[in-house]
1. In this structure, does D62 turn out to be assigned to a loop (DSSP other than H, G, I, E, B), loosely packed, with under 15 Cβ neighbours inside 10 Å, at pLDDT below 85 and out of contact with any His (no Cβ under 6 Å at 6 or more places or on another chain)?
2. Within region 28-51, is even one residue modelled with pLDDT under 85 and touching a helix residue (DSSP H, G or I) at 6+ places or on another chain (Cβ under 8 Å)?
3. Go through region 35-54 and report how many residues are closer than 13 Å to G24 by Cα, in a strand (DSSP E or B) and of a type in the set (D, E, K, R).
4. Across region 43-59, which residue is farthest from the chain's Cα centre (by Cα) among those that are surrounded by 12 or more Cβ atoms within 10 Å (Cβ to Cβ) and charged (D, E, K, R)?
5. List pairs: first residue in region 1-30 and within 16 Å of Q59 (Cβ to Cβ), second residue loosely packed, with under 14 Cβ neighbours inside 10 Å anywhere in the structure, Cβ distance under 6 angstrom, at least six positions apart or on different chains.
Amino acid sequence: MNLTMTLLREKETTCRKPFRCMAGNVMVEKGEKYMKATVAWDDRVYDWKQCLKCYQAQQESDRPEYLYEEECFNEGWAYEDKVGCCADK
């Protein structure tokens, strides 16, 4: 099992169908810009979609890579403190 995350692609795109930000769990509505990343982790490929507010906070944080809730828990961090910022929208 490969637990190293590899960023394969990342781009800003326009939402065509509403979805929940994977970092902050608020709705990203049709027409809004968001960041989409394709990552390889755990021997699988995933798409990670998040609002621009969470993406910006992530880039400014001390760990700008994509974090999963379990990883934050294992490190002793509060997930919301690291990336879940869009709940303040």
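1. So D62 fits the description; yes.
2. no
3. Qualifying residue count for the region: 1.
4. Among those that are surrounded by 12 or more Cβ atoms within 10 Å (Cβ to Cβ) and charged (D, E, K, R), it is K53.
5. E12/K33; G24/A87
The values are calculated or read from the model by the stated rules, or taken from the named source; none is laboratory data. Note that this is a predicted model, so its numbers are computed, not measured. Please note: Cβ atoms are built from the backbone with ideal geometry, for glycine as well, and neighbour counts cover all protein chains shown.
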